1. Quick check on this structure: which one of B:VAL270, B:VAL243, B:VAL250, B:VAL280 is within 9 Å of chain A (Cβ to nearest Cβ) and more than 25 Å from the chain's Cα centre (by Cα)?
2. What number of residues in region A:353-407 are modelled with pLDDT under 85 and away from chain B (no Cβ under 14 Å)?
3. When you scan region B:4-20, do you find a residue that is surrounded by 14 or more Cβ atoms within 10 Å (Cβ to Cβ), outside any helix (DSSP H, G or I) and in contact with a Ser or Thr (Cβ under 8 Å, 6 or more places away or on another chain), even just one?
4. For residues that are within 11 Å of chain B (Cβ to nearest Cβ) and within 14 Å of A:ALA74 (Cα to Cα), scanning just region A:4-21, find the one that is surrounded by the fewest Cβ atoms within 10 Å (Cβ to Cβ).
5. Can we say A:GLY340 is surrounded by 19 or more Cβ atoms within 10 Å (Cβ to Cβ) and more than 9 Å from chain B (Cβ to nearest Cβ)?
6. Would you say A:SER332 is in a helix (DSSP H, G or I), in contact with an Asp or Glu (Cβ under 7 Å, 6 or more places away or on another chain), of a type in the set (Ser, Thr, Tyr) and over 30 Å from B:GLU2 (Cβ atoms)?
7. Give the number of residues within region B:226-266 that are buried (at least 24 other Cβ atoms within 10 Å of the Cβ) and basic (Lys, Arg).
8. Take A:THR41 and decide whether it is of a type in the set (S, T, N, Q), over 20 Å from A:ALA308 (Cα atoms) and crowded, with 18+ Cβ neighbours inside 10 Å.
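The values are calculated or read from the model by the stated rules, or taken from the named source; none is laboratory data. Note that the structure is a prediction, hence the values are computed from the model and not measured. Reconstructed Cβ throughout: ideal geometry from the backbone, glycine too, with neighbour counts over all protein chains shown.
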Amino acid sequence: MDLSLSEEYQALQAEIRAFIATHGHKSPKPGGGRKRPDQKTLDWQKTLLEHGYVGRTIPVEYGGAGKTPDVMEAAVIASEFAAANIYAGLTNQGVSMLVPTLLELGTEEQKRAYVGPTIRGDIIWCQGYSEPGNGSDLANAQTKAELRDGFWVVNGQKIWTSSAHYADMMFLLCRTEPDRPKHEGLSYLLLSMNSPGIDRRPLKTMTGRSEFNEVFFTDVKVPETQIVAGRGKGWYVANVTLKHERSMIGNADKVTTRLEQLIKLLRSSEIDGVPLIRQAEFRDRLLRLQGEVIAWKAHNLRLLTEAAQGIDSGVNRMIVKYGGTMLGFRLSSLAVDALGAAGLPFESAGEDAEDDDATTWNIDYMYDVGLMIGGGSNNIQKNIIGERGLDLPREPKVAAATAVGRG
Amino acid sequence: MEFGLSLEQRQFDDSLRSFLTDRLPMERLRALAEPGGGYDEGLWHGLAELGLHGLIVPERFGGAGLGVLDAAVAAEALGYAAAPVPFAGTTVMAPLAFMNSATEAQQDEYLPMVAAGEARIAVGFAGLAGQTGTASATLDGSRLTGTISGVMDAGAATHFLVYLRDGTGALVAANAPGVTQSLHRSLDRTRPLADVSFDGSTAELLVAANDKLAAARRVLDAGRVVLAADTLGAAQTMLDRAVAFAKERVQFGRVIGSFQGVKYMLADCVTMLEPCRGMVWYAAHAQDGLPDEARLTACHAKAHVADVAREVARMTTETHGGMGFTDLLGLHYWFKRISFNRQVLGGPERCREEAAALQGW
């Protein structure tokens with residue numbers, strides 16, 4: 001047990017602190033991320049790239065800093081930026097999911113064409129996975145692509161496509177081999193969102209905002225070479241993408257920050273002139289959450305150590321999404337209860353402005369429910385924890401012989 | 001940075017666990033538990049060979065000089081086995097009391113006996129711990145009078161160490177004049193509770209600390225962390241057994257672990273319980289090396305692990321169906337171990353209130 005940093009990481013820490021002291025004033029406000037990066041953000045991203053604080057392990061020929069992967073370095077960088085409240089770089093789906101996937105499976109041309117512009121923020125990607133009829137059962141995707149005259153011709157519909165309304169490109173999971181079993185009939189295509197035949201429609205959610213879109217494809221033509229890893233390999237590629245998504249350490253910074261905000265809120269809010277933090281029920285709920293957050297932070301330290309040692313954390317990692325979203329919801333639930341009736345009449349300031357506390361908490365409270373559903377719903381997570389983590393038997397398949405992908 | 005157990009700690013854990021598995025098969029545990037005395041000569045001496053008694057006693061007094069984290073590792077293993085061993089009080093809190101509150105001469109006199117397993121010192125608090133029951137003891141000079149109820153790990157105590165409200169430690173031999181002890185079987189048959197009365201009994205005072213009260217609280221905090229670790233181990237046993245049962249038991253022509261109703265309960269258990277392990281390690285490490293976080297994390301670990309373990313105990317018993325409710329299966333020993341640990345040295349509500357007070361809430 002050693003919670004101190006070794007000399008090389010202390011040196012990195014000092015280097016980052018010096019960087020922040022010199023350049024930090026140019027940073028955009030952290031957070032956001034649900035809109036296209038503005039010029040200030042793009043300039044800042046470029047500065048971070050030049051210093052190797054983003055794209056750190058991406059090979060130099062594709063625009064990165066070419067360093068050896070080191071989770072502890074990544075953790076030091078993340079925590080220094082978080083502590084200084086400085087924007088730590090783009091974390092969109094292109095940067096965190098597509099780029100590592102292409103580096104692992106893409107052709108030389110694909111890597112050269114997309115990695116650099118994506119990490120610079122010049123190309124924004126969206127993810128074409130979920131469909132109206134195929135959410136949790138992702139491998140059953142029915143959007144189809146047929147090869148005609150050197151082009152994939154795509155028809156179908158995707159849903160829950162975040163950032164599609166401003167994205168330049170999409171990585172798309174679609175069915176190219178309708179005669180093959182469902183997991184073997186998928187391919188992974190890269191396509192321009194400006195292609196003729198694409199119709200994007202913002203999907204307004206319960207938060208009142210349009211964080212997602214529906215995307216309709218009518219005879220959309222995609223050059224044949226825009227396939228990753230070959231025909232019928234789409235499920236494999238999608239899982240590599242998900243692996244990269246999951247390999248991002250479950251971040252305890254968010255719940256820590258929320259807890260701190262919550263403590264402030266309970267100190268400053270009153271009913272009948274008594275601060276809520278002095279009221280037994282509110283205080284005990286806050287204390288329970290503080291205990292949970294301490295446990296969660298320690299769990300993350302454990303995962304970080306295991307990742308640094310190259311140990312597969314197994315079930316300890318599988319619980320992160322389920323446990324983390326539930327904890328997030330309990331935190332925002334206490335916040336909306338502390339705001340109480342006074343927090344109910346809120347109005348969002350819109351996509352491009354900063355919301356007040358009541359709006360932020362209320363939207364987070366609803367958005368947290370979305371997080372339990374998206375990215376593999378929590379019931380799917382519980383299947384994974386039970387079946388892969390605890391080695392419990394799978395649910396017997398119903399009608400496994402049902403034909404897939406015909407029609 | 002390395003947040004986890006060292007190779008030595010894992011090896012110690014392995015050897016302790018295999019010793020306990022060997023010595024405590026179900027029928028043996030049942031036989032030891034029924035009298036409810038919480039102590040077995042053979043088991044105690046066997047643990048001495050593993051170096052358990054001197055675990056945190058400094059090397060110059062014949063111990064291994066390890067820390068609360070090592071004690072937490074041992075406690076988790078003991079909880080996993082539901083071992084009837086007076087560990088938290090005798091092996092952790094008592095030596096820590098000497099290290100925190102006693103003079104060098106007092107340490108020199110007692111710690112070698114503690115390390116050898118010859119002195120078994122039960123620790124009680126006259127207040128401070130937030131335990132229900134009687135806790136009234138007063139000192140007149142070096143004469144101790146009063147009653148402390150619910151003292152744990154007293155089954156074979158040679159001495160009682162009572163911390164008074166101001167942090168003064170009063171050490172009294174169990175056979176000293178004026179000491180009356182009544183040992184009660186508790187809900188948890190692997191550990192009894194003693195009501196101890198003193199009537200002008202001669203005490204040796206442990207008052208060497210600069211801040212007596214802070215020293216007493218350090219002892220209490222370490223005890224709480226060790227109980228949290230014991231609870232974690234007990235809950236882990238229940239979960240492991242429930243998972244194994246769910247893979248074997250067939251109903252409606254299917255192994256019950258394939259039903260999502262059962263699978264999801266067990267997934268919930270592991271999702272709640274696994275972060276408790278990191279929490280216990282962190283809180284234990286804080287006792288050893290992060291003084292600013294020691295009290296807060298001890299209070300929270302004691303409270304949070306107790307709450308999680310109650311849910312795990314309930315759901316894993318349910319997973320076993322009717323068998324889980326029988327005496328025959330013996331699962332209840334762990335259910336009761338968890339219940340015991342929850343109530344002694346302050347329940348979750350009390351521990352959280354202390355955490356609030358610490359932060360000025």
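1. B:VAL243
2. Total meeting the criteria: 13.
3. Yes: region B:4-20 contains one or more residues that are surrounded by 14 or more Cβ atoms within 10 Å (Cβ to Cβ), outside any helix (DSSP H, G or I) and in contact with a Ser or Thr (Cβ under 8 Å, 6 or more places away or on another chain).
4. Within region A:4-21, the match that is surrounded by the fewest Cβ atoms within 10 Å (Cβ to Cβ) is A:GLN10.
5. Working: surrounded by 19 or more Cβ atoms within 10 Å (Cβ to Cβ): no; more than 9 Å from chain B (Cβ to nearest Cβ): yes.
The answer is no for A:GLY340.
6. yes
7. Going through region B:226-266 one residue at a time, the tally reaches 1.
8. So A:THR41 passes the test.
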